[in-house]
Amino acid sequence: VSVSRAIKPFAEPGRPPDWFSQKHCASQYSELLETTETPKRKRGEKGEVVETVEDVIVRKLTAERVEELKKMIKETQEKYRQLKKDAELIQAGHMDNRLEELCNEIMMWVITLF
């Protein structure tokens with residue numbers, strides 16, 4: 001229960017209402033455990049830190065999320081550059097015939113951000 005409640009505020013738009021239910025969280029975690037290779041135990045000195053399955057899952061999911069965020073940043077930067085270029089062309093008077101279309105595109109983009 002505590003996990004499903006704790007992660008609910010970080011929900012992505014479009015998730016079904018039961019996405020953060022206890023049952024669904026448990027099944028997702030179970031699936032992660034099944035699909036993750038168990039790290040091989042190393043023989044060594046006492047006190048040696050051995051990587052657990054949970055550590056592997058955290059590392060894997062962190063790497064995936066970092067890649068997702070990098071992709072989102074890149075897309076946002078590209079969109080910003082395009083909007084800046086369009087703004088410069090509008091100010092120069094070169095896009096007067098497309099002002100309404102550009103305004104609609106900008107509004108749709110802003111709506112998707114929030």
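Would you mind telling me the share, in percent, of accessible area of the chain contributed by carbon and sulfur at probe 1.4 angstrom? Answer for the chain is 57 percent, counting heavy atoms of protein chains only. Cross-linked pairs K40/K71; K8/K85; K8/K60: Cα-Cα separations exceed 29 Å for K40/K71; K8/K85. Taking a quarter of the surface of the Cα convex hull of the chain gives a mean projected area of 11.7 nm². Shown is the FRET efficiency for D96 and K71, computed with R0 = 35 Å from the Cβ-Cβ distance and rounded to the nearest 0.05: 0.50. Rg then Dmax, both in Å and based on the Cα atoms of the range 1-41: 12.6, 40. Diffusion coefficient of the range 62-114 by Stokes-Einstein, Kirkwood radius over Cα pairs, 37 °C, 0.692 mPa s: 260 µm²/s. Given their separation in residues at 0.36 nm each and the Cα-Cα distance between them, M107 and A87 gain 5.8 nm when the chain is fully extended. Applied to the range 50-58, the Karplus parametrisation 6.51 cos²θ - 1.76 cosθ + 1.60 on θ = phi - 60° returns per-residue 3J(HN,Hα) values of 10, 5, 9, 4, 4, 4, 4, 4, 4 Hz, with x for Gly and Pro.
Once the 1.4 Å probe is applied to the protein heavy atoms, the chain comes out at 90 Å² accessible per residue. Among the protein heavy atoms, those of K74 account for about 120 Å² of accessible surface (1.4 Å probe, every chain in place).
Solvent-accessible area of H24, all protein chains in place: 50 Å² (probe radius 1.4 Å, heavy atoms, ligands and nucleic acids excluded).
The values are calculated or read from the model by the stated rules, or taken from the named source; none is laboratory data. Keep in mind that what you see is a predicted model, and the values were worked out from it rather than measured. So basically every Cβ, Gly included, is an ideal-geometry build from the backbone, and we count neighbours across all protein chains shown. Areas reflect the complete protein model, heavy atoms only, side chains present, ligands, DNA and RNA absent. Shrake-Rupley method; radii C 1.70, N 1.55, O 1.52, S 1.80 Å.
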